[in-house]
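Readers should treat all values here as calculations from the given coordinates under stated rules, not as data from a laboratory. These numbers were taken from a predicted model, which means no experiment stands behind them. Glycine gets a Cβ as well: all are built from the backbone with ideal geometry, and neighbour counts include every protein chain shown.
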Amino acid sequence: MVSTKGLKLVLTFVDGQVKDVFHGDRRFIAPLALTIFLWVFMMNAMDLLPLDLIGGALNITGHDPHHTFFRSVPTADLNTTFGMSLTVFFLVLFYSVKSKGFGGFTLELFTAPFHASGTFGKLLLAIPNFFLNLVEYLSKPVSLAMRLFGNMYAGELVFMLIAGLPWYLAWLGGAPWAIFHILIIGLQAFIFMVLTVVYISMAHEHH
């Protein structure tokens with residue numbers, strides 16, 4: 001019963017966030033936002049595993065943990081965060097073409113955000129418009145990936161530094177940091193979800 005109520009609470013929360021940002025058909029966007037939020041949250045939550053848990057498990061199975069490369073937090077790896085952000089980038093391009101048509105999307109690349117009335121003015125502003133739109137589109141996946149990676153990688157480093165302290169200091173510093181890090185885990189998942197919806201909503205709108 002508790003898990004059902006919790007799931008309903010999460011569904012209502014995510015649908016409310018999507019409704020506030022995206023004003024089109026939410027039948028695909030809302031499930032996408034929910035999937036992103038839960039997926040990123042669960043990957044971030046692996047940062048709360050004991051630091052020596054994986055090394056101890058490798059010792060039991062006969063493997064040398066010093067020669068085994070394994071990142072327990074997927075979002076502390078740029079490959080994971082960039083993989084997710086590139087998926088969002090392709091969704092942005094898809095919704096841009098879907099809402100404006102391929103011709104309208106291409107025309108917008110060269111005629112926005114700066115506008116001109118005459119033909120000469122349009123030709124003069126075409127290159128600056130294209131450059132600015134290119135920077136805007138490319139900055140979205142980079143900002144998504146680097147923000148999530150930077151926060152989770154820094155949190156992982158702090159846990160490693162705390163684990164290197166004597167046990168009495170490790171408990172003293174590790175417990176407050178773990179409690180604070182629960183907020184970071186949920187906040188980063190929320191930010192990634194909201195920015196994804198915002199970017200798709202921007203792609204859905206016309207200049």
Check: Once label points are set 7 Å from the Cα along Cα→Cβ at both residue 175 and residue 27, what is their separation, rounded to one decimal in nm?
Finding: 5.2
Check: Of the residues 190, 180, 149, which exhibits the maximal mean-square fluctuation in a Gaussian network model of the chain defined by a 10 Å Cα contact cut-off?
Finding: 180
Margin query: For the chain, report the % of Cα-Cα distances exceeding 20 Å.
Written below: 67
Item checked: Helix axis angle, 167-204 relative to the chain longest principal axis, alpha carbon, degrees -> 20
Next item on the list: Arrange the peptides 95-104, 109-118 so that the one whose residues have, on average, the most other Cβ atoms within 10 Å appears first.
Entry: 95-104, 109-118
Checklist line | Relative packing of 167-176, 73-82, which averages over residues the other C-beta atoms within 10 Å, highest first | finding: 73-82, 167-176
Next item on the list: With springs connecting C-alpha atoms under 10 Å apart, model the chain as a Gaussian network and identify which of 48, 165, 11 has the largest mean-square fluctuation.
Entry: 165
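Normalised by the number of residues in segment 2-204, what is the relative contact order in percent for Cα pairs under 8 Å and 6+ residues apart?
Answer for segment 2-204 is 35 percent.
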Next item on the list: Could you please rank 191, 36, placing first whichever residue has the fewest other Cβ atoms within 10 Å of its Cβ?
Entry: 191, 36
Check: What is the distance, in nm, between label points placed 7 Å from the Cα along the Cα-to-Cβ direction at residue 168 and at residue 19?
Finding: 5.5
Check: Dividing the alpha-carbon radius of gyration of segment 74-181 by 2.2 N^0.38 Å (N being the number of residues), what value is obtained?
Finding: 1.71
Next item on the list: Excluding residues on the same chain fewer than 8 positions from residue 19, give the lysines whose Cα lies under 19 Å from its Cα.
Entry: 8
Check: What net charge do the residues around residue 198 carry, taking every other residue with its C-beta under 12 Å from that of residue 198, with Lys and Arg at +1 and Asp and Glu at -1?
Finding: -1
